[in-house]
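Have a look at the structure below, then the notes.
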Amino acid sequence: MNARNGVTPPQDTRHLHAVAATATLAGALTTALVAAALWPATPRATPQRPLRQLEIALDAPAVHPGNLEFRALALRCGIAVIVGTHAEHPAKGRLCRIRIDVTVDDSVSVRLDNDNQRLVLADGTRHSVDWEAMQIKRQPLTLDIGAHDSAQYDLWFDIPKDAAVDRLAVTNDKGMPIKDIPLPHLDWPDHSA
């Protein structure tokens, strides 16, 4: 008998250990079942924004140059003039706007320079982003994306009037792998944004 509280300690504690182990396993199984029911079975879904006027949705697969995932969400080309809060910008040819989603697939943050992205035309010529259009439409020229975080924004390109787009070539830095996102070959009427 224990002199302190008057309770005799059990001689065989194997039964108590078995009960404790069973309770622990039951708790772990319950946690796993709840997590399986709540956790998505498919990869991260990109939140869909409503399409803007004359914009088409893209269903191209995501590409992974290095530790980034690029997904093209929407496209609009044939834009003759854009207007912002402080400027108006007529295209030299025609502007194309590509909505993209960029996700960091790593535990480090990334500084992304959009001057590395290229719009490739059907004839093989490559065009860098149009800096004036990007600034007028207040889109990031460079941006920091946190670890396991993402950003959605537009890339603007000024291409010849009669040119057809073929793909978007993306990379996370100069000297890193370049991946291509195919784009639909469409005839775009002239219009303004």
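The values are calculated or read from the model by the stated rules, or taken from the named source; none is laboratory data. Model, not experiment: these values are computed from the prediction. Backbone-built Cβ (ideal geometry, glycine too); neighbour counts: all protein chains shown. In case anyone asks, the SASA skips ligands and DNA or RNA and just uses the protein heavy atoms, side chains included. Shrake-Rupley method; radii C 1.70, N 1.55, O 1.52, S 1.80 Å.
Residue-by-condition table, conditions (1) out of contact with any strand residue (DSSP E or B) (no Cβ under 7 Å at 6 or more places or on another chain); (2) open to solvent by less than 10 Å² (accessible area, probe 1.4 Å); (3) part of a strand (DSSP E or B); (4) touching a residue at least 60 places away in the same chain (Cβ under 8 Å):
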{"site": "ALA72", "(1), (2), (3), (4)": "no, yes, yes, yes"}
{"site": "CYS77", "(1), (2), (3), (4)": "no, yes, yes, yes"}
{"site": "HIS86", "(1), (2), (3), (4)": "yes, no, no, no"}
{"site": "PRO90", "(1), (2), (3), (4)": "no, no, yes, no"}
{"site": "SER107", "(1), (2), (3), (4)": "yes, no, no, no"}
{"site": "GLN135", "(1), (2), (3), (4)": "yes, no, no, no"}
{"site": "HIS148", "(1), (2), (3), (4)": "no, no, no, no"}
* To do: May I ask you to say which residue of ARG99, ARG111 is surrounded by 20 or more Cβ atoms within 10 Å (Cβ to Cβ), under 16 Å from the mean Cα position of the chain (by Cα), not small (Gly, Ala, Ser) and not in a loop (DSSP other than H, G, I, E, B)?
  => ARG99
* Here is a list of conditions, (1) open to solvent by less than 70 Å² (accessible area, probe 1.4 Å); (2) of a type in the set (Gly, Ala, Ser); (3) in a loop (DSSP other than H, G, I, E, B), and GLY175 meets all of them except one; can you say which number that is? -> (1)
* Exactly one of (1) open to solvent by 20 Å² or more (accessible area, probe 1.4 Å); (2) of a type in the set (S, T, N, Q); (3) not in a strand (DSSP E or B) is unmet by GLN152. Its number? -> (3)
